[in-house]
Amino acid sequence: MNYRGHRVMTLATTRRVGGAVIVRAMHPWMGVSGHVRLGLLTRWVTPQLVTQTLAECGKRDSRPGALPAGFMVYFVLALALFQQDSYDDVAENLVGGIDGMAEFIPNKSSFTRARQRLGSPVLRALFRRLAGPLAPDDLTGSFYQGMRLAAVDGFVLDVPDSPTNRAAFGGPVKSGQSAGFAQVRVVTLTECGTHAQMDAAVGGFNTGEPELAIALAGSARGMLVIMDRGFPGVVLWKAYAGAGAHLLLRARLPVAHRPVEHLPDGTYLARMNPAGQKGAHPDGVLVRVIEYQVDGGETVRLLTDLVDPVAYPAAELAALYHERWEAESAFRQIKTFQRGPAEVLRSGDPDMVRQEVWAHLVVHHCLTRIVMGLADDHGIDPDRVSFIKVLKHARRSVVRQCTDTPRKIKQFLAALVGKVSRKLDNGVRRLREADRFLKRPDSKYSSKLSYRVNSRDRRPTRRVVAKVITLCPR
(Lines give C-alpha, C1' and ligand atoms only; values in the text may rest on other atoms or scores of the structure.)
Protein backbone atom coordinates (compact mmCIF):
# COMPACT_ATOMS: atom_id res chain seq x y z
CA MET A 1 0.00 0.00 0.00
CA ASN A 2 1.04 3.61 -0.50
CA TYR A 3 0.65 6.85 1.43
CA ARG A 4 1.82 10.10 -0.21
CA GLY A 5 4.41 8.23 -2.19
CA HIS A 6 5.64 6.20 0.78
CA ARG A 7 5.26 2.45 0.43
CA VAL A 8 3.91 0.69 3.52
CA MET A 9 5.38 -2.79 3.71
CA THR A 10 6.95 -5.21 6.11
CA LEU A 11 10.71 -4.70 5.98
CA ALA A 12 13.42 -6.82 7.49
CA THR A 13 16.95 -6.36 8.75
CA THR A 14 19.61 -9.02 8.89
CA ARG A 15 22.65 -9.41 11.07
CA ARG A 16 25.21 -12.19 11.43
CA VAL A 17 25.81 -13.72 14.85
CA GLY A 18 28.62 -16.23 14.69
CA GLY A 19 27.86 -18.38 11.68
CA ALA A 20 24.11 -17.73 11.74
CA VAL A 21 22.16 -15.02 9.96
CA ILE A 22 19.34 -13.56 12.07
CA VAL A 23 16.46 -11.94 10.21
CA ARG A 24 14.38 -9.43 12.16
CA ALA A 25 11.06 -8.26 10.74
CA MET A 26 10.28 -4.55 11.02
CA HIS A 27 6.87 -3.09 11.63
CA PRO A 28 4.80 -2.06 8.59
CA TRP A 29 4.57 1.50 9.96
CA MET A 30 8.30 1.93 9.44
CA GLY A 31 8.88 5.08 7.39
CA VAL A 32 5.24 6.17 7.48
CA SER A 33 4.46 6.92 11.15
CA GLY A 34 6.53 10.11 10.84
CA HIS A 35 3.87 11.47 8.48
CA VAL A 36 1.00 11.22 11.00
CA ARG A 37 -0.44 14.57 12.08
CA LEU A 38 -2.82 15.81 14.78
CA GLY A 39 -5.59 17.33 12.71
CA LEU A 40 -6.38 20.98 13.36
CA LEU A 41 -3.85 21.21 16.19
CA THR A 42 -1.06 20.68 13.64
CA ARG A 43 -1.40 24.37 12.77
CA TRP A 44 0.51 25.14 15.98
CA VAL A 45 2.16 21.81 16.85
CA THR A 46 3.95 21.68 13.51
CA PRO A 47 6.40 18.92 12.52
CA GLN A 48 9.15 21.56 12.52
CA LEU A 49 8.29 22.59 16.10
CA VAL A 50 8.22 18.95 17.22
CA THR A 51 11.63 18.31 15.61
CA GLN A 52 13.13 21.42 17.23
CA THR A 53 11.75 20.49 20.65
CA LEU A 54 13.08 16.95 20.43
CA ALA A 55 16.51 18.29 19.46
CA GLU A 56 16.41 20.78 22.35
CA CYS A 57 15.68 17.94 24.78
CA GLY A 58 18.30 15.65 23.23
CA LYS A 59 15.78 13.01 22.17
CA ARG A 60 16.91 10.95 19.18
CA ASP A 61 15.65 7.63 17.94
CA SER A 62 18.37 5.21 18.97
CA ARG A 63 17.13 2.38 16.78
CA PRO A 64 14.72 1.96 13.86
CA GLY A 65 11.18 1.18 14.93
CA ALA A 66 7.51 1.79 14.33
CA LEU A 67 7.15 4.37 17.11
CA PRO A 68 9.72 7.17 16.66
CA ALA A 69 9.83 10.12 19.03
CA GLY A 70 8.16 12.51 16.58
CA PHE A 71 5.15 10.25 16.21
CA MET A 72 4.96 9.72 19.99
CA VAL A 73 4.68 13.47 20.61
CA TYR A 74 1.52 13.48 18.50
CA PHE A 75 0.33 10.25 20.11
CA VAL A 76 0.69 11.62 23.67
CA LEU A 77 -1.19 14.79 22.65
CA ALA A 78 -3.88 12.57 21.12
CA LEU A 79 -4.16 10.72 24.45
CA ALA A 80 -5.10 14.06 26.02
CA LEU A 81 -7.46 14.98 23.18
CA PHE A 82 -9.20 11.58 23.42
CA GLN A 83 -8.84 11.03 27.18
CA GLN A 84 -11.71 8.54 27.41
CA ASP A 85 -10.35 6.24 24.65
CA SER A 86 -7.96 3.29 24.96
CA TYR A 87 -4.48 3.20 23.41
CA ASP A 88 -5.83 1.18 20.48
CA ASP A 89 -8.68 3.61 19.87
CA VAL A 90 -6.41 6.65 20.08
CA ALA A 91 -3.94 5.09 17.64
CA GLU A 92 -6.77 4.26 15.25
CA ASN A 93 -8.07 7.82 15.51
CA LEU A 94 -4.62 9.03 14.47
CA VAL A 95 -4.01 6.68 11.55
CA GLY A 96 -7.48 5.42 10.63
CA GLY A 97 -7.70 7.80 7.69
CA ILE A 98 -4.44 6.46 6.20
CA ASP A 99 -5.11 3.44 4.05
CA GLY A 100 -3.75 0.27 5.59
CA MET A 101 -2.15 1.64 8.77
CA ALA A 102 -5.14 0.86 10.99
CA GLU A 103 -4.59 -2.83 10.24
CA PHE A 104 -1.20 -2.84 11.99
CA ILE A 105 -1.78 -1.07 15.33
CA PRO A 106 1.11 -1.87 17.73
CA ASN A 107 0.21 -3.38 21.09
CA LYS A 108 -0.16 -1.36 24.27
CA SER A 109 3.22 -2.36 25.68
CA SER A 110 4.94 -0.88 22.61
CA PHE A 111 3.21 2.44 23.18
CA THR A 112 4.07 2.33 26.88
CA ARG A 113 7.77 1.73 26.24
CA ALA A 114 7.81 4.48 23.62
CA ARG A 115 6.18 6.90 26.08
CA GLN A 116 8.82 6.03 28.66
CA ARG A 117 11.59 6.72 26.14
CA LEU A 118 10.01 10.07 25.25
CA GLY A 119 9.66 11.24 28.88
CA SER A 120 7.92 14.31 30.24
CA PRO A 121 10.53 17.07 29.57
CA VAL A 122 9.71 17.04 25.84
CA LEU A 123 6.03 17.83 26.46
CA ARG A 124 6.97 20.45 29.05
CA ALA A 125 9.34 22.11 26.58
CA LEU A 126 6.65 21.96 23.87
CA PHE A 127 4.19 23.71 26.18
CA ARG A 128 6.72 26.40 27.03
CA ARG A 129 7.36 27.02 23.32
CA LEU A 130 3.62 27.43 22.63
CA ALA A 131 2.35 29.12 25.79
CA GLY A 132 1.94 32.85 26.07
CA PRO A 133 -0.66 35.63 26.14
CA LEU A 134 -3.26 35.70 23.36
CA ALA A 135 -5.44 38.72 24.12
CA PRO A 136 -5.29 41.62 21.65
CA ASP A 137 -4.89 45.09 23.13
CA ASP A 138 -8.58 45.96 22.73
CA LEU A 139 -10.10 42.82 24.30
CA THR A 140 -12.48 43.72 27.14
CA GLY A 141 -11.51 42.32 30.53
CA SER A 142 -7.92 41.60 29.55
CA PHE A 143 -6.13 44.76 30.71
CA TYR A 144 -6.25 47.29 33.51
CA GLN A 145 -4.43 50.59 32.98
CA GLY A 146 -1.99 48.98 30.57
CA MET A 147 -1.36 45.88 32.72
CA ARG A 148 -2.38 42.48 31.38
CA LEU A 149 -4.73 40.73 33.82
CA ALA A 150 -3.65 37.27 34.92
CA ALA A 151 -4.76 34.88 37.65
CA VAL A 152 -2.68 32.31 39.50
CA ASP A 153 -4.55 29.32 40.87
CA GLY A 154 -4.30 25.55 40.99
CA PHE A 155 -6.22 22.32 40.61
CA VAL A 156 -5.62 18.62 41.16
CA LEU A 157 -6.09 15.61 38.87
CA ASP A 158 -6.65 12.03 40.02
CA VAL A 159 -3.97 9.54 38.97
CA PRO A 160 -3.85 5.74 39.32
CA ASP A 161 -3.10 4.82 42.92
CA SER A 162 0.08 2.87 42.19
CA PRO A 163 2.78 2.71 44.90
CA THR A 164 5.10 4.91 42.81
CA ASN A 165 2.42 7.54 42.17
CA ARG A 166 1.42 7.60 45.84
CA ALA A 167 5.07 8.01 46.87
CA ALA A 168 5.77 10.73 44.28
CA PHE A 169 2.58 12.79 44.54
CA GLY A 170 0.74 11.84 47.72
CA GLY A 171 -3.00 12.18 48.06
CA PRO A 172 -5.88 12.78 50.47
CA VAL A 173 -5.60 11.14 53.88
CA LYS A 174 -8.47 10.39 56.23
CA SER A 175 -7.95 9.10 59.77
CA GLY A 176 -4.31 8.41 58.97
CA GLN A 177 -5.16 6.25 55.96
CA SER A 178 -4.95 7.00 52.24
CA ALA A 179 -8.33 8.13 50.93
CA GLY A 180 -9.20 8.04 47.25
CA PHE A 181 -6.72 8.37 44.42
CA ALA A 182 -3.24 9.82 44.45
CA GLN A 183 -3.34 13.33 42.97
CA VAL A 184 -1.05 15.56 40.91
CA ARG A 185 -1.26 19.30 41.53
CA VAL A 186 -1.10 21.87 38.72
CA VAL A 187 -0.73 25.64 39.26
CA THR A 188 -1.09 27.93 36.26
CA LEU A 189 -0.67 31.55 35.26
CA THR A 190 -3.90 32.14 33.32
CA GLU A 191 -4.75 35.11 31.11
CA CYS A 192 -8.10 36.32 32.42
CA GLY A 193 -9.48 37.59 29.12
CA THR A 194 -8.83 34.44 27.09
CA HIS A 195 -8.33 31.49 29.51
CA ALA A 196 -4.92 30.88 27.90
CA GLN A 197 -2.37 29.21 30.17
CA MET A 198 0.75 31.37 29.95
CA ASP A 199 2.87 29.23 32.27
CA ALA A 200 2.38 26.28 34.60
CA ALA A 201 4.09 24.25 37.32
CA VAL A 202 3.38 20.61 38.16
CA GLY A 203 3.86 19.04 41.58
CA GLY A 204 2.23 16.61 43.98
CA PHE A 205 -0.80 16.79 46.24
CA ASN A 206 1.55 17.45 49.15
CA THR A 207 3.22 20.36 47.35
CA GLY A 208 1.75 23.70 48.39
CA GLU A 209 0.18 25.93 45.75
CA PRO A 210 2.24 28.98 46.86
CA GLU A 211 5.45 27.00 46.36
CA LEU A 212 4.47 26.12 42.79
CA ALA A 213 3.20 29.66 42.16
CA ILE A 214 6.60 31.16 42.99
CA ALA A 215 8.07 29.26 40.04
CA LEU A 216 5.76 31.20 37.68
CA ALA A 217 6.85 34.68 38.80
CA GLY A 218 9.29 35.15 35.92
CA SER A 219 6.47 34.82 33.35
CA ALA A 220 4.33 37.55 34.95
CA ARG A 221 6.44 40.64 34.16
CA GLY A 222 4.29 43.72 33.55
CA MET A 223 1.06 41.92 34.52
CA LEU A 224 -1.44 42.52 37.30
CA VAL A 225 -1.65 39.09 38.94
CA ILE A 226 -4.71 38.11 40.98
CA MET A 227 -4.64 35.31 43.56
CA ASP A 228 -6.95 33.81 46.16
CA ARG A 229 -6.44 33.89 49.91
CA GLY A 230 -4.39 30.69 50.02
CA PHE A 231 -1.41 32.36 48.36
CA PRO A 232 -0.29 35.50 50.28
CA GLY A 233 3.18 35.27 51.74
CA VAL A 234 6.29 37.42 51.90
CA VAL A 235 8.41 35.06 49.77
CA LEU A 236 5.79 34.90 47.01
CA TRP A 237 5.21 38.66 47.16
CA LYS A 238 8.91 39.44 46.78
CA ALA A 239 9.28 36.91 43.93
CA TYR A 240 6.55 38.54 41.84
CA ALA A 241 7.48 42.11 42.73
CA GLY A 242 11.10 41.35 41.91
CA ALA A 243 10.04 39.96 38.52
CA GLY A 244 8.26 43.22 37.64
CA ALA A 245 4.68 42.04 38.24
CA HIS A 246 1.95 43.79 40.24
CA LEU A 247 -0.24 41.95 42.73
CA LEU A 248 -3.86 41.88 43.86
CA LEU A 249 -4.28 39.14 46.46
CA ARG A 250 -7.09 38.22 48.75
CA ALA A 251 -5.90 37.62 52.31
CA ARG A 252 -7.31 36.13 55.48
CA LEU A 253 -8.48 38.63 58.08
CA PRO A 254 -5.47 38.26 60.43
CA VAL A 255 -3.01 39.13 57.62
CA ALA A 256 -1.83 42.77 57.49
CA HIS A 257 -4.64 43.91 59.80
CA ARG A 258 -2.74 46.63 61.69
CA PRO A 259 -2.72 49.96 59.81
CA VAL A 260 0.59 51.76 59.49
CA GLU A 261 -0.87 54.69 57.56
CA HIS A 262 -4.45 55.57 56.63
CA LEU A 263 -5.05 56.74 53.06
CA PRO A 264 -7.61 59.36 52.02
CA ASP A 265 -10.00 56.86 50.40
CA GLY A 266 -10.38 54.74 53.54
CA THR A 267 -7.83 52.10 52.56
CA TYR A 268 -4.62 51.81 54.55
CA LEU A 269 -1.01 50.67 54.42
CA ALA A 270 0.08 47.76 56.60
CA ARG A 271 2.97 45.35 56.89
CA MET A 272 2.76 41.70 55.89
CA ASN A 273 5.34 39.77 57.88
CA PRO A 274 6.86 36.33 57.31
CA ALA A 275 4.88 33.47 58.83
CA GLY A 276 5.04 33.43 62.60
CA GLN A 277 6.58 36.92 62.91
CA LYS A 278 4.91 39.88 64.56
CA GLY A 279 5.46 43.61 64.72
CA ALA A 280 7.66 45.53 62.28
CA HIS A 281 9.78 42.61 61.15
CA PRO A 282 12.59 43.74 58.81
CA ASP A 283 11.78 41.02 56.25
CA GLY A 284 8.16 42.11 55.93
CA VAL A 285 6.64 44.01 52.99
CA LEU A 286 4.44 47.12 52.94
CA VAL A 287 1.07 46.56 51.28
CA ARG A 288 -2.09 48.53 50.64
CA VAL A 289 -5.20 46.97 52.19
CA ILE A 290 -8.68 47.27 50.67
CA GLU A 291 -11.70 45.94 52.56
CA TYR A 292 -15.18 45.52 51.11
CA GLN A 293 -18.35 43.45 51.27
CA VAL A 294 -20.35 41.80 48.49
CA ASP A 295 -24.13 42.13 48.97
CA GLY A 296 -23.54 42.83 52.64
CA GLY A 297 -21.84 39.46 53.25
CA GLU A 298 -18.44 38.68 54.76
CA THR A 299 -15.68 41.26 54.65
CA VAL A 300 -13.11 40.64 51.92
CA ARG A 301 -9.55 41.89 52.44
CA LEU A 302 -7.36 42.56 49.40
CA LEU A 303 -3.62 43.27 49.40
CA THR A 304 -1.96 45.15 46.55
CA ASP A 305 1.27 46.93 45.73
CA LEU A 306 -0.71 49.61 43.82
CA VAL A 307 -0.60 52.09 46.70
CA ASP A 308 -1.77 55.30 44.98
CA PRO A 309 -5.49 55.69 45.83
CA VAL A 310 -6.03 58.26 43.08
CA ALA A 311 -4.40 56.33 40.24
CA TYR A 312 -5.85 53.00 41.40
CA PRO A 313 -9.28 53.55 43.03
CA ALA A 314 -10.29 50.99 45.62
CA ALA A 315 -13.69 50.36 43.99
CA GLU A 316 -12.05 49.45 40.67
CA LEU A 317 -9.61 47.03 42.31
CA ALA A 318 -12.40 45.42 44.36
CA ALA A 319 -14.42 44.81 41.19
CA LEU A 320 -11.30 43.63 39.37
CA TYR A 321 -10.53 40.91 41.91
CA HIS A 322 -13.48 38.85 40.71
CA GLU A 323 -11.76 38.35 37.35
CA ARG A 324 -9.85 35.66 39.23
CA TRP A 325 -12.77 33.31 38.54
CA GLU A 326 -11.75 33.20 34.88
CA ALA A 327 -8.99 30.81 35.95
CA GLU A 328 -11.65 28.51 37.42
CA SER A 329 -13.48 28.60 34.08
CA ALA A 330 -10.27 27.56 32.32
CA PHE A 331 -9.80 24.69 34.79
CA ARG A 332 -13.36 23.55 34.10
CA GLN A 333 -12.54 23.39 30.40
CA ILE A 334 -9.57 21.14 31.12
CA LYS A 335 -11.00 18.97 33.89
CA THR A 336 -14.66 18.59 32.90
CA PHE A 337 -14.77 18.95 29.11
CA GLN A 338 -11.32 17.99 27.82
CA ARG A 339 -10.35 15.31 30.33
CA GLY A 340 -13.91 14.29 31.18
CA PRO A 341 -15.68 14.61 34.55
CA ALA A 342 -14.11 12.48 37.31
CA GLU A 343 -11.78 10.74 34.82
CA VAL A 344 -8.54 9.31 36.18
CA LEU A 345 -5.33 9.82 34.20
CA ARG A 346 -3.83 6.74 32.57
CA SER A 347 -0.31 6.39 33.91
CA GLY A 348 0.97 4.40 36.87
CA ASP A 349 4.44 5.97 36.55
CA PRO A 350 5.09 9.52 37.89
CA ASP A 351 7.08 10.73 34.87
CA MET A 352 4.36 9.55 32.51
CA VAL A 353 1.75 11.27 34.70
CA ARG A 354 3.64 14.54 34.26
CA GLN A 355 3.82 13.82 30.53
CA GLU A 356 0.01 13.53 30.43
CA VAL A 357 -0.47 16.75 32.38
CA TRP A 358 1.78 18.76 30.03
CA ALA A 359 -0.03 17.21 27.06
CA HIS A 360 -3.39 18.39 28.44
CA LEU A 361 -1.99 21.90 28.85
CA VAL A 362 -0.65 21.91 25.26
CA VAL A 363 -3.99 20.72 23.86
CA HIS A 364 -5.94 23.29 25.90
CA HIS A 365 -3.69 26.10 24.70
CA CYS A 366 -4.19 25.09 21.06
CA LEU A 367 -7.97 24.89 21.53
CA THR A 368 -7.90 28.35 23.12
CA ARG A 369 -6.07 29.65 20.06
CA ILE A 370 -8.87 28.26 17.87
CA VAL A 371 -11.48 29.97 20.06
CA MET A 372 -9.59 33.25 19.84
CA GLY A 373 -9.34 33.02 16.07
CA LEU A 374 -13.07 32.38 15.69
CA ALA A 375 -13.95 35.22 18.07
CA ASP A 376 -11.62 37.62 16.26
CA ASP A 377 -13.07 36.76 12.84
CA HIS A 378 -16.58 37.56 14.07
CA GLY A 379 -15.70 40.48 16.34
CA ILE A 380 -17.21 38.86 19.44
CA ASP A 381 -15.96 38.14 22.93
CA PRO A 382 -14.19 34.75 23.14
CA ASP A 383 -16.43 33.86 26.11
CA ARG A 384 -19.26 33.45 23.60
CA VAL A 385 -17.54 30.71 21.57
CA SER A 386 -18.43 27.21 22.77
CA PHE A 387 -15.30 25.43 24.00
CA ILE A 388 -17.11 22.08 23.94
CA LYS A 389 -18.03 22.34 20.27
CA VAL A 390 -14.55 23.53 19.30
CA LEU A 391 -13.17 20.48 21.16
CA LYS A 392 -15.49 18.19 19.21
CA HIS A 393 -14.50 19.70 15.87
CA ALA A 394 -10.81 19.33 16.76
CA ARG A 395 -11.40 15.63 17.49
CA ARG A 396 -13.23 15.17 14.19
CA SER A 397 -10.36 16.77 12.31
CA VAL A 398 -8.03 14.09 13.68
CA VAL A 399 -10.34 11.16 12.98
CA ARG A 400 -11.04 12.28 9.42
CA GLN A 401 -7.39 13.14 8.70
CA CYS A 402 -8.76 16.14 6.86
CA THR A 403 -6.26 18.73 8.12
CA ASP A 404 -2.87 17.19 7.51
CA THR A 405 -1.57 19.96 5.22
CA PRO A 406 -1.56 23.77 5.67
CA ARG A 407 -4.04 24.15 2.81
CA LYS A 408 -6.49 21.68 4.36
CA ILE A 409 -6.11 23.29 7.78
CA LYS A 410 -7.01 26.65 6.24
CA GLN A 411 -10.06 25.12 4.54
CA PHE A 412 -11.19 23.42 7.76
CA LEU A 413 -10.86 26.65 9.73
CA ALA A 414 -12.83 28.53 7.06
CA ALA A 415 -15.62 25.96 7.40
CA LEU A 416 -15.48 26.34 11.18
CA VAL A 417 -15.78 30.13 10.93
CA GLY A 418 -18.98 29.65 8.95
CA LYS A 419 -20.49 27.71 11.86
CA VAL A 420 -19.91 30.36 14.51
CA SER A 421 -23.16 32.26 14.05
CA ARG A 422 -25.14 29.05 13.59
CA LYS A 423 -23.68 26.65 16.17
CA LEU A 424 -20.62 27.85 18.05
CA ASP A 425 -21.85 31.17 19.48
CA ASN A 426 -23.34 30.69 22.96
CA GLY A 427 -24.39 34.34 23.18
CA VAL A 428 -23.49 36.86 25.85
CA ARG A 429 -22.45 35.21 29.09
CA ARG A 430 -25.13 35.46 31.76
CA LEU A 431 -24.38 36.08 35.43
CA ARG A 432 -24.76 32.76 37.21
CA GLU A 433 -23.81 31.19 40.49
CA ALA A 434 -24.02 27.83 42.23
CA ASP A 435 -23.89 26.84 45.88
CA ARG A 436 -20.37 25.84 46.95
CA PHE A 437 -20.70 22.53 48.74
CA LEU A 438 -20.03 18.89 48.00
CA LYS A 439 -22.51 17.64 45.41
CA ARG A 440 -21.58 13.96 45.79
CA PRO A 441 -20.63 11.94 48.86
CA ASP A 442 -16.90 11.32 49.28
CA SER A 443 -17.53 7.65 48.61
CA LYS A 444 -20.48 5.41 47.90
CA TYR A 445 -19.37 3.56 51.05
CA SER A 446 -19.73 6.68 53.24
CA SER A 447 -21.59 6.26 56.49
CA LYS A 448 -25.25 7.22 56.55
CA LEU A 449 -24.49 10.19 58.77
CA SER A 450 -21.89 11.71 56.45
CA TYR A 451 -24.12 11.01 53.45
CA ARG A 452 -26.97 12.94 55.07
CA VAL A 453 -24.60 15.84 55.66
CA ASN A 454 -23.53 15.82 52.02
CA SER A 455 -27.03 15.47 50.60
CA ARG A 456 -28.41 18.84 51.60
CA ASP A 457 -31.02 20.43 49.41
CA ARG A 458 -29.11 21.32 46.23
CA ARG A 459 -30.21 24.06 43.92
CA PRO A 460 -29.07 24.11 40.29
CA THR A 461 -26.92 26.86 38.85
CA ARG A 462 -29.17 29.89 38.55
CA ARG A 463 -29.20 33.37 37.09
CA VAL A 464 -28.43 36.21 39.46
CA VAL A 465 -28.39 39.98 39.35
CA ALA A 466 -25.15 41.92 39.44
CA LYS A 467 -23.41 41.93 42.83
CA VAL A 468 -23.22 45.11 44.88
CA ILE A 469 -19.73 45.87 46.19
CA THR A 470 -19.60 48.12 49.28
CA LEU A 471 -16.23 49.44 50.45
CA CYS A 472 -15.50 49.27 54.17
CA PRO A 473 -13.22 52.23 54.90
CA ARG A 474 -11.16 52.30 58.07
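The values are calculated or read from the model by the stated rules, or taken from the named source; none is laboratory data. Computed from a prediction, not measured in an experiment: that's the story for all the values here. Using ideal geometry, Cβ is built from the backbone for each residue, glycine included, and neighbour counts are taken over all protein chains shown. Calculation scope for accessible area: heavy atoms of the full protein, side chains included, ligands and nucleic acids excluded. Shrake-Rupley method; radii C 1.70, N 1.55, O 1.52, S 1.80 Å.
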Every residue in region 35-71 that is part of a helix (DSSP H, G or I) and under 18 Å from Gly96 (Cβ atoms), please.
His35, Gly39, Leu40, Leu41, Thr42, Phe71
Filter region 312-341 down to the residues that are assigned to a loop (DSSP other than H, G, I, E, B) and aromatic (Phe, Trp, Tyr) and list them by number.
Tyr312
Criterion: over 26 Å from Ala125 (Cβ atoms), touching a strand residue (DSSP E or B) at 6+ places or on another chain (Cβ under 7 Å) and open to solvent by 30 Å² or more (accessible area, probe 1.4 Å) - qualifying residue of Arg185, Arg166, Arg148:
Arg166
Just checking, does region 381-394 include any residue being free of Cβ contacts under 8 Å to residues at least 12 places away in the same chain and within 21 Å of Arg148 (Cβ to Cβ)?
no
Within region 92-123, can you find the residues that are outside any loop (DSSP other than H, G, I, E, B), of a type in the set (D, E, K, R) and either touching a strand residue (DSSP E or B) at 6+ places or on another chain (Cβ under 8 Å) or open to solvent by less than 60 Å² (accessible area, probe 1.4 Å) (or both)?
Arg115
Considering region 318-346 alone, what residues qualify as being open to solvent by less than 50 Å² (accessible area, probe 1.4 Å) and among the β-branched types (Val, Ile, Thr)?
Ile334, Val344
Yes or no: region 328-343 includes at least one residue that is in contact (Cβ under 8 Å) with a residue 40 or more places away in the chain, among the aromatic types (Phe, Trp, Tyr) and closer than 30 Å to Leu157 by Cα.
yes
For region 350-418, please list each of the helices (runs of 4 or more DSSP H) lying entirely inside it that holds at least 2 residues being open to solvent by 50 Å² or more (accessible area, probe 1.4 Å), touching a helix residue (DSSP H, G or I) at 6+ places or on another chain (Cβ under 8 Å) and among the β-branched types (Val, Ile, Thr).
387-399
Which pairs have Cβ atoms under 6 Å, sit 6 or more apart or on different chains, and link a residue in region 219-240 that is over 21 Å from Phe143 (Cα atoms) and free of Cβ contacts under 8 Å to residues at least 40 places away in the same chain to one that is in a loop (DSSP other than H, G, I, E, B) and open to solvent by less than 30 Å² (accessible area, probe 1.4 Å)?
none
